[in-house]
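As structure tokens, the structure follows; a few thoughts come after it.
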Amino acid sequence: MNDTDLSLKEHTSAGPRILLTVTNRWPVVPRLVLSLCKMGCKVAVLCPTPGHPVQKVNDVEHIFHYRGLAPIRSLRTAIETFAPDMIIPCCDRSVQHLHELHAISRTSDSVERRIAALIERSIGLPDGFPIVSSRCDLLKLAQAEGILVPKTAAIESDAELQLWGTESGSPWVMKTAGTW
């Protein structure tokens, strides 16, 4: 097996193998699993258990336990065990975990490099990681591409907040980086 293989080990399933990763209990994940399964995919999920709604879905190939105190180890175990063709992160924290695992994996042995290559196929090249990690920068990029987005600014101080409040009118929403 070489670094261009789509998975870490051989598998014989007809459809692509998709690993969904999520660190919360949002109900969108079971719906995504059902949609992917209808398209012929084999789906596994890395999520907090017990109590995740995806545990009620019969079509899931495997549910891996997300360990908040060892998230990268949880992710690596799910990847090495399930051997996905693609990983779909379902929350911002899952994206960050993929970025961290990629940084660890890209300079090590061939198995590690395959993990890095899988992450790149799934979420793009590491050059884009800083943009994806900053909601404000991502929205500005989308706006530059002609996509309609709400007026957005990074607020760094009380003075900037006061200025934003007087210039932008209302209503407006404040969101802390890394939250949902």
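The single residue among Ser110, Ser105 that is of a type in the set (S, T, N, Q), modelled with pLDDT under 95 and open to solvent by less than 30 Å² (accessible area, probe 1.4 Å) turns out to be Ser105. The residue that is farthest from the chain's Cα centre (by Cα), among those in segment 14-39 that are open to solvent by 40 Å² or more (accessible area, probe 1.4 Å) and without any contact (Cβ under 8 Å) to a residue 40 or more places away in the chain, is Ala14. Among residues of segment 40-68 that are within 17 Å of Ala83 (Cβ to Cβ), those with a beta-carbon under 6 Å from a residue that is basic (Lys, Arg) and surrounded by 14 or more Cβ atoms within 10 Å (Cβ to Cβ) at least six positions away or on a different chain give the pairs Lys42/Arg17; Glu61/Lys42. Selection of segment 49-87 for residues being surrounded by fewer than 15 Cβ atoms within 10 Å (Cβ to Cβ) and part of a strand (DSSP E or B) yields His62, His65. Residues in segment 140-159 that are open to solvent by 100 Å² or more (accessible area, probe 1.4 Å) and among the polar types (S, T, N, Q): Gln143 alone. Quick check, is Ser74 at pLDDT 95 or above and either more than 18 Å from the chain's Cα centre (by Cα) or hydroxyl-bearing (Ser, Thr, Tyr) (or both)? Yes; evaluated as a whole, the condition is true for this residue.
The values are calculated or read from the model by the stated rules, or taken from the named source; none is laboratory data. Please read these numbers as outputs of a predicted model, since none were measured by experiment. Please note: Cβ atoms are built from the backbone with ideal geometry, for glycine as well, and neighbour counts cover all protein chains shown. For accessibility, only protein heavy atoms count, side chains too; no ligands or nucleic acids. Shrake-Rupley method; radii C 1.70, N 1.55, O 1.52, S 1.80 Å.
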